[in-house]
Amino acid sequence: MSTTSSDLSGRTAVVTGAASGIGAATARLLAAGGARVALLARREDRLKELAAEIGTAVPVVVDVTDQASVDAAAARVRAELGRVDLVVNAAGVMLPNPVDDGRLDEWTRMIDTNVTGVLRVIRAFSADLVSAAAEGATADLVNISSIGAHMVFPNYGVYGATKAAVTFLSAALRSEYGPRDVRVTNVEPGLTDTELGRHTDNAELGLDGQLGEMFEAIGSLAPEDVADLVAYTVSRPRHVNLRQIVVLPTRQA
Ligand SMILES: NC(=O)c1ccc[n+]([C@@H]2O[C@H](COP(=O)([O-])OP(=O)(O)OC[C@H]3O[C@@H](n4cnc5c(N)ncnc54)[C@H](OP(=O)(O)O)[C@@H]3O)[C@@H](O)[C@H]2O)c1
C-alpha cells in the first residue's frame with residue numbers, strides 16, 4: 001500500500017516493534033525501498049514470518065526493557081548487517097487506567113518500554129549513526145511518539161507522559177546530533193489500527209469499550225499510512241530533516 005517511491009538502497013535499518021503494527025509496516029516499506037532491515041521485538045514467530053515475507057530482513061529477538069537483551073541484539077545486528085544508518089523506534093505499549101488506580105506495574109512497564117527502551121536503543125546505535133554521517137552517508141533516527149504527547153485524554157495520563165518524554169527527547173537529540181549530520185524525526189500519529197489497544201485489562205477503556213467507540217466514531221490510520229511517511233522522510237536528501245510529523249485520521253482533527 002505504498003504511495004511513495006523511496007530509494008533506500010545501500011541503507012541499513014533497525015526497526016523496533018517490528019512484530020506488528022507501525023513497526024512491521026515500516027520494516028516492510030523500508031525493505032521495499034532497498035534497505036537491509038533488522039526486525040526487533042519479543043515475538044520470534046512474528047519476526048520470522050515477516051523476515052520470510054520480506055526475504056532480505058533479519059529477525060532479532062529483543063526485549064527493550066532489558067539492557068542485556070538490547071546489548072545482545074545490537075551485537076547480533078552488527079554481526080549480520082554491519083553498521084546501521086537508520087533507526088526506527090516503534091516499540092511501545094499503551095495501558096490506560098485512572099491514575100487513582102495506582103497501577104505501578106503498568107506505569108513501570110510503559111516507562112521502561114516507551115522511554116527507557118527508546119533510550120537503550122539510541123544508546124546501542126548512536127555511534128553507528130554518527131560514524132555513518134561522518135563518512136558522508138545519510139543517517140536517521142526516527143522516534144514514534146504520539147499525538148497523546150500533546151492532547152490530554154482522561155486515563156491516558158502516564159502513556160501521554162511517556163510520549164511527551166519521547167517528543168521532548170527527539171527535540172533535544174536534534175541539538176546533539178544535528179550538528180553531526182544525523183537527522184532526528186519525531187512522528188506523532190493519531191488513532192492507528194494496530195494491536196496497541198489490545199493490551200489493557202480495563203474492559204471499559206479497551207477495544208470493546210471506549211477505545212472501540214473512538215475507532216467507530218473517527219476511523220483510523222492504517223499502520224501503512226504512518227510507514228509511508230517514515231519512508232518518505234528518510235529518503236529525502238541528507239541535508240533535509242523533516243523533524244516533526246503529526247498525522248491524524250481526518251476525522252480526529
Ligand atoms: N496505534 C496507535 O493508535 C498509535 C498512535 C500513536 C502512537 N503509537 C505508537 O506507535 C508505536 C507502535 O505501536 P503500534 O500502534 O504499531 O502497536 P503494536 O502493534 O502493539 O506494536 C507495538 C510493538 O512493540 C513491540 N514491543 C512491545 N514491548 C516491547 C518490548 N519490551 N521489547 C521489544 N518490543 C516490544 C511489540 O512486539 P512484541 O510484543 O513482539 O515485543 C509490537 O511489535 C508505539 O510506540 C505506539 O505508542 C500508536
Within segment 66-136, DSSP-loop GluC sites (Glu not before Pro) with at most 12 other C-beta atoms within 10 Å are Glu135
With no solvent term and unit scatterers on the alpha-carbon positions of segment 89-232, Debye gives log₁₀ I(q)/I(0) at q = 0.13, 0.14, 0.19 Å⁻¹ of -0.62, -0.70, -1.14
About its Cα centre, segment 27-135 carries a charge dipole, from +1 on Lys and Arg Cβ atoms and -1 on Asp and Glu Cβ atoms, whose size in debye to the nearest 20 is 320 debye
If every Lys and Arg gets +1 and every Asp and Glu gets -1 at its Cβ, then about the Cα centre the chain yields a dipole, in debye to the nearest 20, of 980 debye
Against the 2.2 N^0.38 Å rule of thumb, the C-alpha Rg of segment 1-150 sits at a ratio of 1.05
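Under 25 °C and 0.890 mPa s, how fast does the chain diffuse according to Stokes-Einstein, given a Kirkwood radius computed over C-alpha pairs? Answer in µm²/s, whole number.
Value of D from the Cα-based Kirkwood radius: 135 µm²/s.
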A correct Karplus calculation of ³J(HN,Hα) over segment 241-248, with 6.51 cos²θ - 1.76 cosθ + 1.60, θ = phi - 60°, whole Hz and x for Gly and Pro, returns 10, 6, 7, 8, 10, 10, 10, 10
Long-range amide H partners of Val87, meaning residues 5 or more apart or on another chain whose placed amide H is closer than 5 Å, are Val14, Asp140, Leu141, Val142
Each label sits 7 Å from Cα toward the beta-carbon; between Arg78 and Ala222 the label points are separated, in nm, by 3.9 nm
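State whether segment 214-253 is rounded, prolate or oblate according to the following rule on the C-alpha gyration tensor (a ≥ b ≥ c being the square roots of its eigenvalues): a/c under 1.5 gives rounded; otherwise a/b larger than b/c gives prolate, and the remaining case gives oblate. Can you show the working numbers first?
Numbers: a/c = 5.57, a/b = 2.53, b/c = 2.20.
The shape class here is prolate.
For every other residue with a beta carbon closer than 15 angstrom to the beta carbon of Glu216, add +1 if it is Lys or Arg and -1 if Asp or Glu, then tell me the sum. List each step's numbers first, then the result.
Values: positive: Arg251; negative: Asp193, Asp208, Glu213.
Neighbour charge sum, excluding Glu216 itself: -2.
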Among Gly117, Trp107, Leu95, the residue whose Cα sits farthest towards the positive end of the charge dipole of segment 92-134, when +1 is placed on the Cβ of each Lys and Arg and -1 on the Cβ of each Asp and Glu, is Gly117
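Fewest Cβ neighbours within 10 Å first, please rank Leu81, Leu40, Leu207 accordingly.
Working: Leu81 19, Leu40 33, Leu207 16.
Starting with the residue having the fewest Cβ neighbours, the order is Leu207, Leu81, Leu40.
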Counting Lys and Arg as +1 and Asp and Glu as -1 over every other residue whose Cβ sits under 13 Å from the Cβ of Arg109, the net charge comes to -4
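Could you work out the helix-only [θ] at 222 nm for the chain, with each DSSP H run of four or more residues adding -39,500 (n - 2.57) and the total divided by the number of residues, to the nearest 500 deg cm²/dmol? Don't skip to the answer; put the middle values down first.
Numbers: 8 runs with 105 residues, N = 253.
So the helix-based figure for the chain works out to -13000 deg cm²/dmol.
Laboratory data are not the source of any read-out in this text; all were calculated from the coordinates shown. Fair warning: this is a prediction, and the values are worked out from it, not measured in the lab. Because the Cβ atoms are built from the backbone with ideal geometry, glycine has one as well, and the counts that use them run over all protein chains shown.
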